[in-house]
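First comes the structure, then the notes that go with it.
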Amino acid sequence: MERNLKNVLVISFGFLLLFTAYSGLQSLQSSLNSEEGLGVASLSVLYAALTLSSMFLPPIVIKKLGCKWTIAVSMCCYVAYSLGNFYASWYTLIPTSMILGLGGAPLWSAKCTYLTIAGSLYAEKTGKNAKDIINQYFGIFFLVFQTSGVWGNLISSLILSQSSNKVEITEEDLECCGAYNCMTDTTNNTASERPSNSLIYTLIGVYTASGVLAVLLVIIFLDQIKSDQAETEKEKLEEPSFWSTFLATFRHLKDKRQCLLIPLTMYSGFEQAFLTGDYSKNYITCALGIHYVGYMMICFAGINSLCSLLFGKISQFTGRKLLFALAAVLNTGCMIALLLWKPHPKQLAVFFVIPGLWGVSDAVWQTQTNALYGILFEKNKEAAFANYRLWESVGFVIAFAYSTKLQVYVKTYILLSVLVLSMVTYGAVEYLEAKSSPGTPAATKKENGGCHSQETRM
């Protein structure tokens, strides 16, 4: 096997193993560690740490350790989070959430850097176009990586479905499910009933083993980048200082279009947090049981991946405005349905229709918002995407922070309000663009390799 391709596959399957564990754990936090809101608090801390990490750490860590060891060390941060879940408490889960958040940004930046250098090396050796090879390598990576959400949630559902702690759900219990949920821990036996410790330890053990395998795979089989290419990349990373990167991020807010895109960017964090935190706990776990959460997230992740690929291809024909409108309509419809619907186990299909439609919408928010940033701020991409990571992470932090303090219907109205504001400000951005370049067709450029689109998904 060609050496560069081998390295691409090592990184791809390393990330697959690592995020099989993380995606499963993230989906379960609001249900598995619901006492005093520990699970969602840990996610809030995690994304706050990621926000700081994104602005400061990647250039420094990659410069000191190189790409291979940055990936390996950052992966260990994810393993630490899995270990923290063995005995979940405020003293174990919050510190390990901070560790994971700090390791998240260097991990993704090192992956992007490594694949870019590998593609350039192979193109130089074969005389092919470097951009084509790099895009091909990123295509292989995401083809493998995107399935991690399916495997991680499938493992959790298969293991937790063995629980002997299942209780019969009464009509009285179901009254506390849905938008007008009861704000106490004891009203619903199904929601508060944890699987046995042995099952939880088995699940966390499988996830931890998966993360350890990912680290070993990278350490043993991933080659170091050739020194001349690595030094060239390090020189690029040395250019911005610690503070200049930080200041450039906020100087970019002088651009009116960036300010107008803040609500849309934050909405991406709000809507993802709502599905993984509120829908999974107050609809799925409450009415069906915690073992159904994984199946629900498989539905969301599978449709999201397929639609991301589809929308990336058809956006050049439909334009981004139509896709944004589609996502807004679908999300609004889902929110109205969640406000009116009283979940019941007999309506099993509905539990999966909503995350399916949510997956279609999220595919638009991820692909088109990233593409929009790349098009609008082509000459200042680094500062623009630093803002993207910052404001999306802020959305996650806020949504997870108030998750345990408000009833679901209040959070749904907040989400709907942010969506409406996002569409108004996005419309203003499109108006400014049309005004500044009348008669110019919409750009159809795509971001190179998706380095930015997945970073805040961790």
- request: Enumerate the calculated ³J(HN,Hα) couplings along the range 2-13 in order (Karplus 6.51 cos²θ - 1.76 cosθ + 1.60, θ = phi - 60°), each rounded to whole Hz, writing x wherever the residue is Gly or Pro.
  value: 4, 4, 4, 5, 4, 5, 4, 5, 4, 5, 4, 6
message: Quick check on the chain: helices-only [θ] at 222 nm, where DSSP H runs of length 4 and up contribute -39,500 (n - 2.57) each and the sum goes over total residues. Nearest 500, please.
response: -25500 deg cm²/dmol
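Over 23 Å between Cα atoms: which of 6/128; 68/125; 256/405; 68/313 fall into that group?
Checking Cα-Cα distances, 256/405; 68/313 exceed 23 Å.
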Excluding exposed DSSP-loop GluC sites (Glu not before Pro) (at most 14 other C-beta within 10 Å), longest clean stretch of the chain: 194-458
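Using the Cα centre of the chain as the reference point, and only Cβ charges (+1 on K/R, -1 on D/E), how large is the resulting charge dipole? Debye, rounded to the nearest 20. Don't skip to the answer; put the middle values down first.
Working: 33 positive and 30 negative charges, 229 e Å.
That gives the chain a dipole magnitude of about 1100 debye.
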statement: The alpha-carbon center of the range 301-324 and that of the range 1-39 are separated, in whole Å, by 24
message: If I compute solvent accessible area with a 1.4 Å probe over the protein chains, what percent of it on the range 248-436 is carbon and sulfur?
response: 70
query: Between residue 336 and residue 409, 0.36 nm times their residue separation minus their Cα-Cα distance comes to what?
result: 25.3 nm
statement: If one compares the long axis through the Cα atoms of helix 256-273 with the longest principal axis of the Cα atoms of the chain, the angle in degrees, nearest 10, works out at 40
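The values are calculated or read from the model by the stated rules, or taken from the named source; none is laboratory data. As the structure is a computational prediction, the values presented were derived from the model and not from experiment. Neighbour counts run over all protein chains shown; Cβ positions are idealised from the backbone, glycine included. We work out accessible area using only protein heavy atoms, side chains counted, and drop any ligands, DNA or RNA first. Shrake-Rupley method; radii C 1.70, N 1.55, O 1.52, S 1.80 Å.
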